[in-house]
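Chemist: What follows is a single structure, and I will ask about it in a moment.
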Amino acid sequence: MKNRVLLFALIVALLITGSTNQADTSSGTSQDGKQNTRTRNAQKQQDSEEGEVLKVGTELVTVPFSVTNKQNRYITDVKQEEVAVFEDGKQQELFSFTRETDLPLTFVILLDISGSQELTLPSQKEAAINFLEKVIRPEKDLAAVVTFRKDVEMLQGLTANIRQIRTALDSIRFTPGSASVSGTPPLGGSAYAGTSLYDAIYVTTDELLAKEAGRRVIIMLTDGRDTTSSYSRQKAIERAWRSEVLVYSIGIEGRGQYGGQVFTEDVDKKTLQTICEETGGRLFLPKSESEYQNAFRQIEDDLRQQYILAYTPSNDTTDGAFRTITVKLNRKDSREVKVLHRRGYYTKKGV
């Protein structure tokens, strides 16, 4: 009888232990399941958030702009709450707003070496060299030298080596009917007669600047007269829009020689003003060769005094269409200042 009681107690103890272990296992499984579910949900949320960040980053439109008053002095105290940006007339929500003074700069000096610039070319070269020696930061900035007549020639590709840039500029030797240079083979044939300003803007943007990072800038020295371009002025502007290239111009009155006589040509202000304003740059009109340096200094000031805003377009259609951009200020002196920025951009075209 006593043995039966002990056997019964042992069986009960085993049953209780088994039940407890099963409960613990079940509890552990349940806890693991909950933990796994939380992990999966957290991962999904993280993936979702990362996807959203990536999406925003790929859709941002950046707009560099500067603000000047009637005396052509820069306004440097603009605040984010005073800025409004519109796309195709509809106000957009600002994603960011900063005043940038240290962005990498990528320059192309675009020199008109047609007959009308023969007598001013030496002073233009000197002013360009002095400007680049002062502005280029070897660890951040790049510059190239391109000349144009009927042809467009790259004398020096993008580099931070100021000695190479100086060598390229010094290599230009103007002779009647031709220009002796040491660059790439000319685009569009070997004849020199003519001036292909629009082609120079288009080709420079397309072949040198389109894939570069940082602020992309063309600085032209020319009288603004085009006689032989294959591309139209509008096509050149549109190409600059697509690559967010700012075009600045130093309008230089033409002075050349023909048949032993010196001739002059006025600056085509309307053409140069249109190109600069449409792309977000500015036109400078030095009154004499001694003022070339001052024009370059103003360009440097302009590039160092710019603001940059960014927004995600409310219209997310990817149809490759052109969208206009307008930046407005809401401050007491709004009517007294001018906001300079490119007129718009082309959206990416969806597959």
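FYI, it's all coordinate maths here, none of it is from the lab. From a predicted model like this one, the values you see are computed outputs, not experimental measurements. Here the Cβ is made from the backbone with ideal geometry for all residues, glycine too, and neighbour counts use every protein chain on show.
Chemist: Restricting things to alpha carbons, find the Rg to Rh ratio for the range 105-304 using the Kirkwood radius for Rh. If you can, show how the numbers build up before the last one.
Modeler: Numbers: Rg = 15.2 Å, Rh = 16.4 Å.
Rounded to two decimals, Rg over Rh is 0.92.
Chemist: Calculate the length of the line joining the C-alpha centroid of the range 113-131 to that of the range 287-351, in whole Å.
Modeler: 28 Å
Chemist: Only counting other Cβ atoms within 10 Å, I'd like Val83, Val262, Val337 sorted with the fewest neighbours first. Can you show the working numbers first?
Modeler: Working: Val83 20, Val262 10, Val337 16.
Ordered by Cβ neighbours within 10 Å, fewest first: Val262, Val337, Val83.
Chemist: OK, next. Could you check the spin-label model distance between Tyr74 and Ile308? Points 7 Å from the Cα along Cα→Cβ, value in nm.
Modeler: 1.5 nm
Chemist: Here is a further query. When only C-alpha pairs under 8 Å and at least 6 residues apart count, what is the relative contact order of the range 105-304, in percent?
Modeler: Working: 417 pairs, mean separation 47.5, N = 200.
Answer for the range 105-304 is 24 percent.
Chemist: Nearest 5 percent is fine: what portion of the DSSP beta bridges confined to the range 105-304 is antiparallel?
Modeler: Just about 35 percent of them are antiparallel.
Chemist: While we're on this one: If you count, for each residue, the other Cβ atoms within 10 Å and average over each peptide, how do 138-149, 92-103, 204-215 line up from highest to lowest?
Modeler: On the way: 138-149: 21.3, 92-103: 13.4, 204-215: 17.2.
Top to bottom by mean Cβ count within 10 Å: 138-149, 204-215, 92-103.
Chemist: Which of the peptides 312-319, 273-280 is most tightly packed, and how do the rest follow, going by the mean number of other Cβ atoms within 10 Å of each residue?
Modeler: Per-residue mean Cβ counts within 10 Å order the peptides as 273-280, 312-319.
Chemist: Could you work out how much longer the chain between Ser288 and Lys349 gets when fully extended? Use 0.36 nm per residue separation minus the Cα distance between them, nm to one decimal. If you can, show how the numbers build up before the last one.
Modeler: Values: separation 61, 0.36 × 61 = 21.96 nm, distance 4.64 nm.
In short, 17.3 nm is gained.
Chemist: Exposure proxy check: Tyr346, Tyr198 ranked by fewest other beta carbons within 10 Å? Could you put the intermediate results ahead of the total?
Modeler: Numbers: Tyr346 14, Tyr198 23.
Arranged by neighbour count, lowest to highest, Tyr346, Tyr198 become Tyr346, Tyr198.
Chemist: Can you flag which of Lys90/Lys338; Lys90/Lys348; Lys211/Lys287; Lys211/Lys235; Lys70/Lys134; Lys235/Lys269 are past 26 Å Cα-Cα? Write down the numbers at each step before the final one.
Modeler: Working: Lys90/Lys338 20 Å; Lys90/Lys348 19 Å; Lys211/Lys287 36 Å; Lys211/Lys235 19 Å; Lys70/Lys134 28 Å; Lys235/Lys269 19 Å.
Correct reply: Lys211/Lys287; Lys70/Lys134.
Chemist: Quick one: if you stick a label point 7 Å off each Cα along the C-beta vector at Ser96 and Ala213, how many nm between them?
Modeler: 1.3 nm
Chemist: In nm, what is the difference between 0.36 nm times the number of residues separating Lys332 and Glu139 and their Cα-Cα distance? Before the final figure, lay out the partial values.
Modeler: Working: separation 193, 0.36 × 193 = 69.48 nm, distance 4.02 nm.
Fully extending the segment from Lys332 to Glu139 adds 65.5 nm.
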